[in-house]
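Trainee: Let me begin by handing over the structure; questions about it come next.
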Amino acid sequence: MKKIILALTLVIIAGAVKAQFTVTGAAPTAPAVTWSFSSKKIAEKTYELHMTATIISGYHLYAQVNNAEGPVPTTFTFVKNPLLEYTGKVKEVGKLVSKLEPVWGFKVNYFQDKVDFVQIVRSKVAAVVDAKGIVNFMVCNDKRCLPPKDVNFDIKIGGN
């Protein structure tokens, strides 16, 4: 009798799990966002840090500014380095979508396909310096959101 109850319980749990994925959509088989990191010299000892997100079709990456009660915004946290001076805030370069999403009940800001986040930084030395940090982000499609994720980065600047 215990075996029958256990088997029935497992069948019910398996059915519930399958229904959950059927309703909300399965997680993507590839990462929903891939990141690339680079630097570009724009003046003497001054560089642009480029943190570029490529987003798979059907998903969107939330912008840095959104309603506090809504989705997790994309944030960049830079490791302090006494050889670097960060100027201004991280800028978003891409097609910003501002749309009412029923799941949140208000307008949210996000990017689809690709967005380049750009930070200006000045090196205090001529040698190669590492600009390190973490990007935290969240992506959703029309059926589900993936949990927020951290990606570490290390961008080499200077030395030329």
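Each reported figure results from applying straightforward, stated rules to the coordinates on display, with no laboratory input. Just so you know, these numbers come straight off a predicted model, no measurement behind them. Backbone-built Cβ (ideal geometry, glycine too); neighbour counts: all protein chains shown.
Trainee: Express in nm, to one decimal, how much length is gained between R122 and K149 on full extension, taking 0.36 nm for each residue of separation and deducting their alpha carbon distance.
Mentor: 6.9 nm
Trainee: Under 19 Å from a point placed 7 Å out from the Cα of E44 along the Cα-to-Cβ direction: which residues of segment 112-131 have their backbone N that close?
Mentor: Residues 121-129 fall inside that zone.
Trainee: Given a Förster distance of 35 Å, report the FRET efficiency between F106 and V79 from their Cβ-Cβ distance, rounded to the nearest 0.05.
Mentor: That pair, F106 with V79, gives E of 0.55.
Trainee: When Lys and Arg each count +1 and Asp and Glu each count -1, what net charge do the other residues less than 12 Å away from M138, Cβ to Cβ, add up to?
Mentor: Neighbourhood net charge equals +1.
Trainee: If you add up the charges near V129, with Lys and Arg at +1 and Asp and Glu at -1, over every other residue whose beta carbon is less than 14 angstrom from its beta carbon, what do you get? Working shown, then result.
Mentor: On the way: positive: K41, K45, K80, R122, K124, K132, K156; negative: E85, D130, D154.
Computed value for this residue: +4.
Trainee: Tell me the label-point distance for the pair D130, A30, using the 7 Å Cα-to-Cβ offset, in nm and rounded to one decimal.
Mentor: It works out to 2.9 nm between the two label points.
Trainee: Please give the contour-minus-distance gain from S57 to D142: 0.36 nm per residue of separation, less the Cα-Cα distance, rounded to one decimal in nm.
Mentor: 29.5 nm
Trainee: Quick one: go through segment 40-82 and flag any residue whose amide nitrogen is under 18 Å from the point 7 Å out along the Cα-to-Cβ line of K114.
Mentor: Correct set: 40, 49-62.
Trainee: Here's something else I'd like to know. List, in the order given, every pair from K114/K149; K41/K107; K40/K114; K89/K124 whose Cα-Cα distance in the structure shown is over 27 Å.
Mentor: K41/K107
Trainee: Here is a follow-up. By the scheme Lys and Arg +1, Asp and Glu -1, what is the net charge of all other residues having a beta-carbon under 10 Å from that of Y86?
Mentor: +2
Trainee: Rounded, prolate or oblate: which fits segment 30-157 when a ≥ b ≥ c are the square roots of the eigenvalues of the alpha-carbon gyration tensor, with rounded for a/c under 1.5 and prolate only if a/b beats b/c?
Mentor: prolate
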